[in-house]
Amino acid sequence: MDIRLDAISHSYGGTEVLRDISLDIPTGKIVCFVGPSGCGKSTLLRLIGGLERATKGRVLQLGTPPMGCLNPLTYVFQDFALLPWRTVHGNISLVLEDHGIKGAAADAIISDVLARTKLSDFSNALPRQLSGGMKQRVAIARALAVKPAVMLMDEPLSALDSQTRELLMDDLVALWTRQPFTAAYVTHNLAEAVRLGHRIAVLSRRPGEIHEVVEIDMPLEERSHGNPELEKIQKHLWDMMRDEARAADEELLNV
Amino acid sequence: MSDATIKTQPIEVRFRGGGFAPKARRWVGLAVFVVLVSIMEIGTRSGWISALTLPKPSDVLATFKELWESGLLFKHLLPSLSRLAVGAAIGATVGVCAGVMIGLFSYVRAGLVPLVAAIFPIPKIALLPLFVIWFGIDEASKYALIAFGTFTPTVVATYGAVDNVDRSLIRMGQSFGLSWFSIVRKIVLPGAMPGILSGLRISLAIAIILLVAAEMLGAEYGIGAYILEAGSLYDLERLFAGVVILSLLGVILSTVIGFIERRLLGWRE
Ligand SMILES: Nc1ncnc2c1ncn2[C@@H]1O[C@H](COP(=O)(O)OP(=O)(O)OP(=O)(O)O)[C@@H](O)[C@H]1O
Ligand SMILES: [Mg+2]
């Protein structure tokens, strides 16, 4: 199932946040959104997932979600959004219960996703007993449990320290290589974008417009830390972003 | 400068963390009780507290024993407990439901919040004659008074607690396609539970206060009636025996809520 953004514009009250965004998120690809702070990336993601309605334009689903998909558009949040009163197991079963999946069927799914995110030993732990990286892996496991057609990830690694972030990026690459998933991935970290993105959309400062779309053909598993080709793309992205970020900063100063 | 640094002895960094994390210290509360009662006993025995100011704790205990042996204790206690249970259960249940509705629906909020604010400061005891006219002099008016008194603090605590539930968790529930009912039951209510329970502590204490008030008017048996009778005769021993029963009731209820908190809110730590 592909997602098509069709000329999306969005305003909050009088402030225009997004302007005329058109882009395809093709099946099995990770599309990264980068852009200066406040340019509307999170807003765009909420629009894609149907948590908010765009002022203008439409978000279209092309094709039908794959068989067994419980929640086609599934978020992974920056702040994990785990229920503190439920165990890891309970947090994942939460999203299955409403689909009538309980007991042994739920346990099978839960142990599968926990194995895929290397959390099998923590099934009965409460969120407060987990480290940040583990919490985010639980959130990813929860997202995988509903077999999403598209994962909507809003800075999923930003709350983590840089080592944990590296490790989790490897985990995401491994997950994707085993079974390609579709994702819209918001980040302000360009290293993440060139590491995970098949396609990187660079947004301008507010109101966010698509500045450029960079395609990276190199397969995910071949992209290593410090690869010269990726460095070059990252530098190109940074040059674009720096001007935008600086201009955005100056606008703030003039307010 | 460098001289000074060489000469001065190393000083261990002063510990300034800790505190602000109450732990269970079971016996301290009991010790405070014991000390206070001993002071009263010694004071009344030796005479520097006159018998008119305070009764002897040992006499109060004797009165208590008498109550127990004559079977009057349960004759007074049982009606009181049933009034408390029925009234507080009605008030707390309706209060939690109304509080959740206020927390969830803008129209209910707009309609009920000013009403609750208007009702809250009314001394419910002042309304007792009104309740007697509405519900009769029997049990119903006593239930109504206690229920009404527990209702308002429960509502306020509950909707405050619902307001404080992390919105990002609710968004999460919506994004996974959970039904409205599931979101309320599995996210809003557990998230509001700490606030609801601490509100319940206050509500139940108020329920005990109102229990006595209700029984002071037209009740043959009940702790309130017993205290009132003792008070009008200036029988301090019996008055204190009644008051001690009320205090014990408060301590028991508070312990029960503490137990529920430990069961339901173990995830907080
Ligand atoms: N609910 C809202 N009501 C009004 N304004 C909002 C709302 N949400 C976001 N905004 C505004 O829209 C703009 C874009 O916000 P958004 O959170 O989408 O930015 P972002 O690109 O995700 O930023 P960051 O990189 O800091 O996460 C900001 O200026 C913000 O103040
Ligand atoms: Mg954001």
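The values are calculated or read from the model by the stated rules, or taken from the named source; none is laboratory data. Since the structure is predicted, the reported quantities are computational estimates derived from the model, not experimental observations. Reconstructed Cβ throughout: ideal geometry from the backbone, glycine too, with neighbour counts over all protein chains shown. To get the accessible areas, we keep the full protein, side chains included, count just its heavy atoms, and leave off ligands, DNA and RNA. Shrake-Rupley method; radii C 1.70, N 1.55, O 1.52, S 1.80 Å.
Observations on the model:
- Matching residues in region B:120-158 - criterion: being part of a loop (DSSP other than H, G, I, E, B) and in contact with a Ser or Thr (Cβ under 6 Å, 6 or more places away or on another chain): B:PHE120
- Whenever a residue of region A:69-96 is more than 9 Å from chain B (Cβ to nearest Cβ) and at pLDDT 95 or above, its partners that are surrounded by 24 or more Cβ atoms within 10 Å (Cβ to Cβ) and in a loop (DSSP other than H, G, I, E, B), lying with C-beta atoms within less than 6 angstrom and at least six residues away or across chains, give the pairs A:ASN91/A:LEU82.
- Every listed requirement among (1) over 27 Å from A:ILE25 (Cβ atoms); (2) hydrophobic (A, V, I, L, M, F, W, C); (3) away from every other protein chain (no Cβ under 13 Å); (4) surrounded by fewer than 19 Cβ atoms within 10 Å (Cβ to Cβ) is met by A:ILE110 save one, (4).
- When the test is whether a residue is in contact with a strand residue (DSSP E or B) (Cβ under 9 Å, 6 or more places away or on another chain) and either among the small types (Gly, Ala, Ser) or surrounded by 20 or more Cβ atoms within 10 Å (Cβ to Cβ) (or both), B:PHE176 passes it.
- Members of region A:44-79 that are open to solvent by 40 Å² or more (accessible area, probe 1.4 Å), within 16 Å of ligand 2 (Cβ to nearest atom) and of a type in the set (A, V, I, L, M): A:LEU51
- Conditions (1) touching a residue at least 24 places away in the same chain (Cβ under 8 Å); (2) out of contact with any Asp or Glu (no Cβ under 6 Å at 6 or more places or on another chain): number failed by B:ALA225: (2)
- Any chance B:ALA117 is at pLDDT below 90 and either more than 14 Å from chain A (Cβ to nearest Cβ) or in a helix (DSSP H, G or I) (or both): no
- Candidate set from region B:180-212 (those that are within 14 Å of chain A (Cβ to nearest Cβ) and open to solvent by 40 Å² or more (accessible area, probe 1.4 Å)); member that is nearest to the chain's Cα centre (by Cα): B:MET193
- Those residues of region A:119-165 which are more than 24 Å from A:THR187 (Cα to Cα) and surrounded by fewer than 18 Cβ atoms within 10 Å (Cβ to Cβ), in sequence order: A:SER120, A:ASP121, A:SER123, A:ASN124, A:ALA125, A:ARG128, A:GLN129
- For region A:141-165, a residue qualifies if it is within 14 Å of another protein chain (Cβ to nearest Cβ) and more than 13 Å from ligand 2 (Cβ to nearest atom), and the qualifying residues are A:ALA141, A:ARG142, A:ALA143, A:LEU144, A:ALA145, A:VAL146, A:LYS147, A:PRO148, A:ALA149, A:VAL150, A:MET151.
- Only one of the numbered conditions (1) open to solvent by 40 Å² or more (accessible area, probe 1.4 Å); (2) away from ligand 1 (no atom under 16 Å from the Cβ) is violated by A:LEU172, and that is (1).
- Tally, over region A:22-43, of residues that are within 15 Å of ligand 2 (Cβ to nearest atom) and either under 21 Å from A:ALA191 (Cα atoms) or not in a helix (DSSP H, G or I) (or both): 11
- Top-ranked residue in region B:213-269 [being over 30 Å from A:GLN129 (Cβ atoms), in a loop (DSSP other than H, G, I, E, B) and aromatic (Phe, Trp, Tyr); ranked as farthest from the other protein chains (Cβ to nearest Cβ)]: B:TYR234
- Where a residue in region A:41-63 is more than 20 Å from A:MET153 (Cβ to Cβ) and away from every other protein chain (no Cβ under 14 Å) and its partner, wherever it lies, is outside any loop (DSSP other than H, G, I, E, B) and within 16 Å of ligand 2 (Cβ to nearest atom), with Cβ under 6 Å and at least six apart: A:THR55/A:HIS10
- Scan of region A:207-239 for residues that are touching a Ser or Thr at 6+ places or on another chain (Cβ under 9 Å) and either within 17 Å of A:THR187 (Cβ to Cβ) or loosely packed, with under 12 Cβ neighbours inside 10 Å (or both), ordered by number: A:GLY208, A:ILE210, A:HIS211, A:PRO219, A:LEU220, A:GLU221, A:LEU230
- Yes/no for A:SER9 being away from chain B (no Cβ under 14 Å) and either part of a strand (DSSP E or B) or open to solvent by 20 Å² or more (accessible area, probe 1.4 Å) (or both): yes
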